[in-house]
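The values are calculated or read from the model by the stated rules, or taken from the named source; none is laboratory data. Quick caveat: nothing in here was measured; it's all calculated off a predicted structure. Here the Cβ positions follow ideal geometry from the backbone for every residue, glycine too, while neighbour counts run over all protein chains shown.
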Amino acid sequence: MNFRIPFHRVNWVNTSFLFVITTLGVIAAPIFLYLHDLNWIMWSMFAFYMIATGLSITLGYHRLFSHLSFKAKWPVRLGTLIFGACAFENSVLHWASDHRRHHKHTDHDEDPYDITKGFFWAHIGWILFKLDAEQPMDNVKDLRRDSLVRFQDKFYVLIAFVAGLIFPAVVGYFAMGGMVGALAGFLVVGALRVVLVQQSTFFINSLCHCVGNQPYSTRCSARDSWIMALVTYGEGYHNYHHEFQHDYRNGVKPWNFDPTKWSIMLLHKLGLVSDLRRVATSKIVAAEMKEAQRKAEVRLAELAAQDGTLCEHAVAKVNELIEKLKENINEFETSFSESLESSRETLKRWRRETRALMSGLGELRLRSA
Ligand SMILES: [Zn+2]
Ligand SMILES: [Zn+2]
């Protein structure tokens with residue numbers, strides 16, 4: 001095996017920090033938990049930090065600052081900037097700049113976490129190794145106008161260490177008693193929580209581009225997976241997100257597990273956020289219909305090119321459903337150009353016929369000649 005590490009490109013600051021924090025979180029914290037019991041105050045603080053830090057990345061860094069999918073009052077911006085820093089994923093300016101480039105150049109060389117360079121690169125490799133040239137931060141000029149964002153960028157390291165590691169240790173010292181309590185705060189609420197939240201974010205860049213299905217588009221590698229949604233605070237519906245990146249929802253269906261979306265809805269009810277951006281349901285269903293039609297046509301062509309005969313009845317059924325979908329797409333485009341809302345019944349029919357086409361595809365079997 002020819003595997004050489006390009007040492008001249010290693011980002012030693014990032015690599016050393018990630019190595020130390022991951023070792024503390026994965027090895028030292030479990031040993032500590034085996035030897036010592038944590039009291040309810042410490043477990044509550046751990047749960048609070050897991051939720052606050054994780055949501056600050058998904059709701060704050062991602063949907064608010066990177067995609068501007070809603071507007072937020074200063075307490076929400078300040079809170080997500082402070083707890084977002086506690087995840088040790090850089091300042092929001094750098095994070096959003098990388099993320100906007102990811103969306104603009106998905107699966108291409110300029111994509112910072114380009115999955116075509118392999119799972120390891122997309123997951124963590126891009127953080128460990130320096131790019132040949134430092135990328136310009138010219139895509140976050142809008143964010144620089146926010147004084148809170150500028151403040152966080154300037155004091156990011158200080159905020160991250162004080163709020164993310166030192167403060168939990170100080171609380172532990174008083175809440176659990178002495179140095180054992182301080183160590184509990186530092187190792188469990190600090191290091192272990194940082195590792196869990198970081199891995200959750202890293203999975204979005206790696207596994208969410210490999211695992212799951214693509215109901216909205218196959219233009220890029222992004223995929224939808226409810227399993228990934230469970231470990232990424234709802235960001236696992238990544239195929240939808242790449243197709244409609246400005247929507248404040250990732251799990252767009254009411255039953256999709258998307259705690260980030262629910263938190264935004266709650267903050268909206270409390271009057272702390274406004275101007276939630278949503279893609280019209282007809283547009284979403286139209287994307288699903290176009291993708292189903294494309295998949296059906298590709299499958300039919302594949303089977304036609306192979307030796308053997310297809311069940312004529314199944315082919316006729318699939319062709320009939322493709323024609324129906326084409327009519328529906330035309331219907332959508334006419335109503336969209338005339339700015340008309342499609343009725344609930346129409347949307348239901350479109351969805352029903354899309355589902356029928358997808359299950360009809362499963363019935364297409366090749367019989368040997
Ligand atoms: Zn992505
Ligand atoms: Zn995004």
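Points to keep in mind about this one:
- Selected residue [among the β-branched types (Val, Ile, Thr) and outside the structural domain of Glu341 (by TED's automatic domain parsing)] from Val231, Val285, Val298: Val231
- Counted residues, the range 209-238 - those being away from ligand 1 (no atom under 14 Å from the Cβ), aromatic (Phe, Trp, Tyr) and crowded, with 22+ Cβ neighbours inside 10 Å: 1
- Qualifying residue in the range 135-157 (condition: small (Gly, Ala, Ser), crowded, with 21+ Cβ neighbours inside 10 Å and modelled with pLDDT of 95 or more): no
- Test: residue in the range 129-145 that is under 24 Å from the mean Cα position of the chain (by Cα), under 25 Å from Ser16 (Cβ atoms) and outside any loop (DSSP other than H, G, I, E, B): yes
- Among (1) under 26 Å from Arg63 (Cβ atoms); (2) among the small types (Gly, Ala, Ser); (3) surrounded by 22 or more Cβ atoms within 10 Å (Cβ to Cβ), the one test that Ala184 misses: (1)
- Residue selected from the range 72-90 under the condition part of a loop (DSSP other than H, G, I, E, B), under 16 Å from Ala52 (Cα atoms) and not acidic (Asp, Glu), by the criterion nearest to ligand 2 (Cβ to nearest atom): Ala87
- Residue check for Leu78: within 18 Å of the chain's Cα centre (by Cα) and at pLDDT 95 or above: no
- Among the residues of the range 35-66, the ones that are more than 24 Å from Glu89 (Cβ to Cβ) and either within 16 Å of ligand 1 (Cβ to nearest atom) or touching a Leu at 6+ places or on another chain (Cβ under 9 Å) (or both) come to 1 in all.
- Selection within the range 89-115: residues that are away from ligand 1 (no atom under 16 Å from the Cβ) and crowded, with 22+ Cβ neighbours inside 10 Å. The member of this set that is nearest to Leu267 (Cα to Cα) is Val92.
- Residue ranges of helices (runs of 4 or more DSSP H) in the range 167-250 with at least 1 members among the polar types (S, T, N, Q): 193-205, 238-243
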